[in-house]
Amino acid sequence: MKRINAYTLIELTVSLVVGSLLIIFIWTGYNFITEKYNEWNYKNQWLRDIVLLDRQLRSDIKNAYMVVGKGNTINIHRGDSIEITYEINHNSIIRNTNGRRDNFDLNITNISYRYLELSEEKSFTVSSINMVLQLPEEEELKLVFRKEYDSKFRYNSLNR
């Protein structure tokens, strides 16, 4: 009788168990790496939005002739007839300028203004904007934006 070179049933079962364990470890590692990447990507996205909002709002305020804030809206008037509006919602800030919209997905918990005192009547001309952003993991970030007006603007505002 000729002997056949083959694997026994026990050898096949052991190789299937080892292969299954290897696949389980690889799948668990893949899920862990995917989860950590998604967390990193989420944090990176809101950090990017914070940096872009900070940079854009500071630039707009710096180049503005006048900043008007009332409620959840900031209007930025430039001397070249361009008006920029920031609409602040609970979950986002929308920047509108000449038909272009930019959206910043950030959680705003508080916004307050400091107004210029130009005359007896209430003015909504802003000298300072304070925002509190809610970050993941219950952290808060406070942003402060200031507008310095020149004496010519103040003089013109008082003599209106």
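Only the coordinates and a few stated rules stand behind these numbers; no lab work does. All values derive from a computational prediction rather than experimental measurement. In this analysis, Cβ positions are derived from the backbone assuming ideal geometry, glycine residues included, and neighbour counts consider all displayed protein chains.
Between the helical axis of 9-62 and the dominant principal axis of the chain, each derived from Cα atoms, what acute angle in degrees is found, rounded to the nearest 10? So the helix axis and the longest Cα principal axis differ by about 10 degrees. Segment 20-78: which chymotrypsin sites (Phe, Trp or Tyr not before Pro) are DSSP loop and have at most 16 other beta-carbon atoms within 10 angstrom? The qualifying sites are TYR65. Between VAL132 and LYS2, the modelled labels are 8.7 nm apart [label points 7 Å from Cα along Cα→Cβ]. Once divided by 2.2 N^0.38 Å, the Cα radius of gyration of the chain becomes 1.95.
Each residue in ILE23, ILE82, ILE4, ILE76 was given a count of other beta-carbon atoms within 10 angstrom of its own, and listing them fewest first yields ILE4, ILE23, ILE82, ILE76.
Counting only GluC sites (Glu not before Pro) that DSSP places in a loop and that have at most 15 other Cβ atoms within 10 Å, the longest clean stretch of the chain runs over 1-116.
For segment 136-153, the residues whose amide N sits under 19 Å from a probe point set 7 Å from the Cα of LYS43 along the beta carbon direction are 136-142.
Within straight-line reach of LYS43, meaning a Cα separation under 23 Å, sit the following lysines at least 8 residues removed in sequence or on another chain: LYS142.
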